[in-house]
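The next block holds one structure in the form of structure tokens; read it before the comments.
The values are calculated or read from the model by the stated rules, or taken from the named source; none is laboratory data. Source: prediction; values computed, not measured. Neighbour counts are summed over all protein chains in view; Cβ atoms, including those assigned to glycine, are modelled from backbone coordinates with ideal geometry. With ligands, DNA and RNA removed, areas are computed over all heavy atoms of the protein, side chains included. Shrake-Rupley method; radii C 1.70, N 1.55, O 1.52, S 1.80 Å.
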Amino acid sequence: MRISQLFIPTLFEEPQEAEAISHKLMLRAAMIRRLSSGVYSYLPLGLKVLHNMERIIREEIDAIGCQELLLPAMTPASLWQETGRWDAYGEDMFRLKDRKDANFALGPTHEEIITDLVRREVKSYRQLPLSFYQIQTKFRDEPRPRFGTMRAREFLMKDAYSFHRSEDEAIETYVKFYQAYEKIFTRCGFRFRIVEADSGLIGGSRSHEFIALSDIGEDTIVECSVCKYAANQEKAECGRGERWTGEMSALQLVDTPNVKSASDVSSFLNVSPDRLVKTIIYQTESGSPVAVLVRGDKEINENKLCRVLNTGQISLADARTVEQATNAPVGFAGPVGLKGIRIIADYGINEGGNFVIGGNKPDSHFIGANLDRDFEVSEFADIRATADGDKCPQCGKELRVSKGIELGHTFNLGTKYSKAMNATFTDETGKERTIIMGCYGIGVSRLIPAYIEQHHDSSGIIWEQNIAPYQAIVLPLNIADPVQFGLAEDVYYKLQNAGLSVLLDDRDERPGRKFTDAELLGIPIMIVVGAKTKASGNIEIGYRRTKEKHFEPIETLVIKVRELLGVI
RNA sequence: CGGGGUGUAGCGCAGUUUGGCUAGCGCGCCUGCUUUGGGAGCAGGAGGCCGAAGGUUCGAAUCCUUUCACCCCGACCA
């Protein structure tokens, strides 16, 4: 393609609307433009990359026998009401009414829609298993759209759903998707990790997230430095340590006027935060408050706490509940003498002693508090947010925490939707049974910014050859020189005939601009045809990733380019 | 939802505190000539309801009120 025929309005200056590097580069490289917050148009170059990623996804998902279809984006409320999500989704759901005042939603996801389709068509075990996918625009009114197409309100998602007769069969398919996802993200060039994910109350035996490592990521993952354990922090367990056996000092009540937070107490009493115990009162769904103990240097993981409490929702207790439960204002709760309330302690409490702890009295804390001697707990549980240095639950070695971007999520749904929507089949014995489901998502439009976060330098984007908008770009530095331009065209046609996607920068621009644009766009191979080329007879081949240059006679040019691209 | 910030030419910004005559700068854009290995030079030119509405004033980008949009941080750990 000749650049003069293409719409590639690159930006020289930093766009003011963007903060994240990927967002800036996508705007500067003329891949996207914003229409509204979290709503973007794709320009030709951005769409090329999107299509390339879709192509890889289709190839791998087709290969495991999953069939593509396209479901509607506009969906009637009645389906959502069947599963209760019409209410549960809340403000994240874009809603609209038709002329007859009937309610619709712009689909934020499609479990209900696909389940409805399948329950109408599938009656017999002979029709199962089945799996379907689509690449569809989803709509979610995110509370805070972020970083361009990273977290948008209108975005492209590949979602797949599978339908099974048995749990074993569901797991077989789950493994296929898991492996297909590994292939997809590897082919796209991601540095990623696969982590165990929280399956929440939805149940099901397993759930994994595919996370691209990146500091701007909104997900936190925990990995073992030695073994293969890896999990989302929401789910990550902590290994346990030994019971503390140090010498106990005397329990003493000290004045701590208006000193409430862990960090304030720590600096006021001059003790390190790990010597503190925070006592936090939670309100559960059932209404009875619970006291939760965690060391001052740790945070509570509410997802894990919910699982221990076997509830879907907890919230911090309000000031009045705290006072009723502890006889002290917020900030001074402690387990010493605490009665009539369930006390759940993190295992970390068992591994320390001589704690500083709330006094259950205004403006006071205990020091030298020890388990069993001074206070008791109802039970121990793993409820803290796993942090750097915590022990691996599998091998006991050190865990490390890092940030990442969720690229994909696989989920064993069980019968959550099929049961609510009465999607059943008749088995071999004539008995009616509920279909078992799985679902598997990839945030297609998020893949691009996630990739760029991992693959860029100070000049711009660095594309992997199989997702690059074009594989090579030919730069005739002076189009007014017919010999030079003719040579550039020769090279251009040669590469095209070899089956490569090639750009020819035939614009009447200065060489400097052509270089900067080519590097900004991130085209893997940059072929320069200028005065030097004419003089030496060799063609200059630049490799974007390393910026190294090769000089090659035109006869062997194609071979060299293929070699550099790794497509020999 | 809470907090902070920003809206002035296609893009990036100054001007707003202390109201003043025709609203500036750089890049980009258009025309012509020269130039061509890292965003060229000269000459000429186009482009703005200063986010929107209302108000104060002889006079508003600037002051007041309302409103909209966008960006960032946070969303309760006692």
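Residues checked against (1) under 12 Å from A:ILE61 (Cα atoms); (2) not basic (Lys, Arg):
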residue	(1), (2)
A:THR137	no, yes
A:ARG146	no, no
A:MET150	no, yes
A:HIS164	no, yes
A:ILE171	no, yes
A:TYR178	yes, yes
A:GLU182	yes, yes
A:THR186	no, yes
A:ASP198	no, yes
Open item on the list: So, in region A:279-295, how many residues would count as being touching a Lys or Arg at 6+ places or on another chain (Cβ under 9 Å), near RNA strand B (Cβ under 9 Å from one of its atoms) and either touching a residue at least 60 places away in the same chain (Cβ under 8 Å) or over 28 Å from A:VAL308 (Cα atoms) (or both)?
Closed with: 2
Open item on the list: Being within 14 Å of RNA strand B (Cβ to nearest atom) and not in a strand (DSSP E or B): is that true of A:GLY331 here?
Closed with: yes
- [ ] Return the residue satisfying two criteria in turn: it lies in region A:252-271 and is modelled with pLDDT under 85, polar (S, T, N, Q) and closer than 23 Å to A:GLU351 by Cα, and of such residues it is nearest to RNA strand B (Cβ to nearest atom).
- [x] A:SER261
- [ ] Have a look at A:SER378, A:SER402, A:SER364 and point out the one that is of a type in the set (Gly, Ala, Ser) and open to solvent by 40 Å² or more (accessible area, probe 1.4 Å).
- [x] A:SER378
- [ ] Answer yes or no: is there a residue in region A:309-321 that is surrounded by fewer than 17 Cβ atoms within 10 Å (Cβ to Cβ), among the charged types (D, E, K, R), assigned to a helix (DSSP H, G or I) and near RNA strand B (Cβ under 9 Å from one of its atoms).
- [x] no
Task: Meets criteria (of a type in the set (D, E, K, R), under 22 Å from the mean Cα position of the chain (by Cα) and open to solvent by 20 Å² or more (accessible area, probe 1.4 Å)) for A:GLU60 - done: yes
Open item on the list: I'm trying to understand the selection: among the residues of region A:229-242, which are away from RNA strand B (no atom under 13 Å from the Cβ), touching a strand residue (DSSP E or B) at 6+ places or on another chain (Cβ under 9 Å) and open to solvent by 70 Å² or more (accessible area, probe 1.4 Å)?
Closed with: A:GLU237, A:ARG240
Task: Residue among A:LEU96, A:LEU70, A:LEU117 that alone is at pLDDT below 95 and surrounded by fewer than 18 Cβ atoms within 10 Å (Cβ to Cβ) - done: A:LEU96
Open item on the list: Given the condition touching a Gly at 6+ places or on another chain (Cβ under 7 Å) and open to solvent by 30 Å² or more (accessible area, probe 1.4 Å), answer yes or no: does some residue in region A:444-453 qualify?
Closed with: no
Task: Residue count, region A:341-361 (criterion: of a type outside the set (D, E, K, R) and in a loop (DSSP other than H, G, I, E, B)) - done: 6
Open item on the list: Given the criteria among the small types (Gly, Ala, Ser), in a helix (DSSP H, G or I) and either within 16 Å of A:ASN370 (Cα to Cα) or open to solvent by less than 50 Å² (accessible area, probe 1.4 Å) (or both), does A:SER266 qualify?
Closed with: yes
Task: Which numbered condition A:SER501 misses (of (1) within 13 Å of RNA strand B (Cβ to nearest atom); (2) polar (S, T, N, Q); (3) under 17 Å from A:ALA468 (Cβ atoms)) - done: (1)
TODO: Kindly indicate whether A:VAL226 is open to solvent by less than 50 Å² (accessible area, probe 1.4 Å), touching a residue at least 40 places away in the same chain (Cβ under 8 Å) and not in a helix (DSSP H, G or I).
DONE: no
TODO: Determine if region A:132-140 includes at least one residue that is among the hydroxyl-bearing types (Ser, Thr, Tyr), part of a strand (DSSP E or B) and open to solvent by less than 60 Å² (accessible area, probe 1.4 Å).
DONE: yes
Task: Count - residues of region A:7-20 that are more than 8 Å from RNA strand B (Cβ to nearest atom) and crowded, with 16+ Cβ neighbours inside 10 Å - done: 1
- [ ] Could you tell me whether any residue of region A:556-568 is closer than 21 Å to A:TRP463 by Cβ and among the acidic types (Asp, Glu)?
- [x] yes
Open item on the list: Between a residue in region A:395-411 that is assigned by TED's automatic domain parsing to the domain that holds A:ASP159 and any residue that is of a type in the set (Gly, Ala, Ser) and not in a loop (DSSP other than H, G, I, E, B), which pairs come within a Cβ distance under 6 Å, given they are 6 or more apart or on different chains?
Closed with: none
Task: The lone exception for A:GLY438 - which of (1) open to solvent by less than 30 Å² (accessible area, probe 1.4 Å); (2) part of a strand (DSSP E or B); (3) not assigned by TED's automatic domain parsing to the domain that holds A:GLY46 it fails - done: (3)
Open item on the list: Any residue at all in region A:354-369 that's away from RNA strand B (no atom under 16 Å from the Cβ) and in contact (Cβ under 8 Å) with a residue 60 or more places away in the chain?
Closed with: yes
TODO: Only residues that are of a type in the set (Lys, Arg) and within 11 Å of RNA strand B (Cβ to nearest atom): list them for region A:517-560, please.
DONE: A:LYS532, A:LYS534, A:ARG544, A:LYS547, A:LYS549
